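What follows is one structure encoded as structure tokens, with my remarks underneath.
Just so you know, all these numbers are worked out from the coordinates, no wet-lab data involved. In this text the structure is predicted, and so the values were computed from the model without any measurement. Heads up, the Cβs are rebuilt from the backbone with ideal geometry, glycines too, and the neighbour counts pull from every protein chain shown.
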Amino acid sequence: MFQKVLIANRGEIAVRVIQACRDMGIVSVAVYSEADREALHAQIADEAVCIGPARAADSYLNMNNIISAAVASGCQAIHPGFGFLSENPDFAELTTEAGLAFIGPTAQTIRLMGDKAEAKRNAIAAGVPVALGTDGAVADFAEAEREAERIGYPVMLKAASGGGGKGIRVAQDASELKTAYDNASSEAQANFGDGRIYMERYIHNPRHIEVQILGDSYGNIVHLFERECSVQRRHQKLIEEAPSAFVDEDLRARMCSAAVDLAKRVGYRNAGTIEFLVDSDRNFYFCEMNTRIQVEHPVTEQVTGVDLVCEQIKVAAGEPLAFTQDDLLLRGHAIECRINAEDPSREFAPCPGTLVSMHLPGGPGVRMDTAAYQGYKIPPFYDSMIGKLIAYGADRAQAIARMRRALAETLFEGVITGTDYQMHILRSEAFEHADFHVNSIANGDFDR
């Protein structure tokens, strides 16, 4: 087992990894930018190293500075968290070349599944259903026009190297294609440095359901069931839950089996997520694979009893999985609300500022993953997430009741958050009856 691990991230996920390290008796090393000198992860880690100025490109995306910090502090491994460099194959490769373990899949696997078009080809080869679309990225707009006619409108345009809901647009007909193509490509270029776009048939009002998988270095791969991630705005998730109230036993078996088959085909190691779009008839289609820990991993931890971050570390250290698929059972229901410093009344505009005071909820079945503290100044340079509120219950009704109670007790003064908006969703008839899809916020389904 590792003696010392560096966490190449910030915010609540850095705190979460530090907690896992502490549970395992591993010394944690945090890295921080100059803007994060007073951040919680930099204060609670056993050691902390400044890696550059506030701008992410000069700090949390500076591969050489991060690896130098790991080597200089005597670490044996780097945990990338999510976002930043977590799905960058070059970073994974440089980490191993420096003699360190990368707590994630191999660089080869990240490249294989990080390119969305290549991931789709592997899904097809593994027998996983995919939506009709292009075989890879289109060369230019002229090819996009031809492919759209072949696929049939409406079509979805997606960043070939994307993730996190960036670089995605929908064209309902030919008149919308040029604007959708230009906007998707420019957003993809700005966020991923790669403006290539691929296309697929748009599925009307689908569910966004994902399967958590975990694999070791000995060919053992298991799934930890599914998560429902359909409550989202502009492809950004707001509320997640496990399991999905829409998924029946037959669909669960088919989706989870498909996820494991795909993971086995690419020789997957460590934690990862296979994302699917599911139509109203419970037909599912491969969407993408996230080759990292997910923001919403706590709901899976709650319903399976598996500490996913600790398992990530064990697998990276060369340990085999300590459990089989038959050992994993679903118990109860969990819901997660992402708490962001943003204003829902202004199109969810980020609202950085100082947390003048705060109160975090507690009581039975409530968990809060956060890096916030009273007096903390939320910087404007990074993601606006303050934390993640998780409620667990014996069933979905109890989980909803506990989340409503927890949201009512949550207080952040000095910044605007979306907790009132999430409470509005939790109280809606659509959410109570699990009658929603990825477009429900845009369609006003939670307002009726």
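Worth a mention:
- Along principal axes, Cα extents of the range 207-447, largest first, whole Å: 50, 42, 33
- Simple spin-label estimate for LEU329 and SER357 gives 4.6 nm between the two label positions (7 Å along the Cα-to-Cβ direction from each Cα).
- Net charge contributed by nearby residues that have their C-beta within less than 12 Å of GLY74 (K/R +1, D/E -1): -1
- Counted residue by residue at 0.36 nm each, then reduced by the alpha carbon distance between them, the extension gain from GLU97 to ASN220 reaches 41.7 nm.
- Placing a pseudo-label 7 Å from each Cα along the Cα-to-Cβ vector at GLU118 and GLN374 gives an inter-label distance of 5.1 nm.
- Cα-projected label distance for VAL170 with ARG282, points at 7 Å along beta-carbon direction, nm: 2.4
- For the chain, the number of Lys pairs separated by eight or more positions or lying on different chains, with C-alpha atoms closer than 26 Å, is 23.
- Along principal axes, Cα extents of the range 227-290, largest first, whole Å: 33, 26, 18
- Taken over the Cα atoms of the range 4-103, the convex hull encloses 77 Å³ per residue.
- Segment GLU429-LEU411, length gained on full extension (0.36 nm per residue, minus Cα span): 4.0 nm
- FRET efficiency, ASP46 to ASN439 (Cβ-Cβ, R0 30 Å, nearest 0.05): 0.10
- Net charge of the neighbourhood of LEU61, taken over other residues with C-beta under 14 Å away and scored Lys/Arg +1, Asp/Glu -1, is -3.
- Normalised by 2.2 N^0.38 Å, where N counts its residues, the alpha-carbon radius of gyration of the chain equals 0.94.
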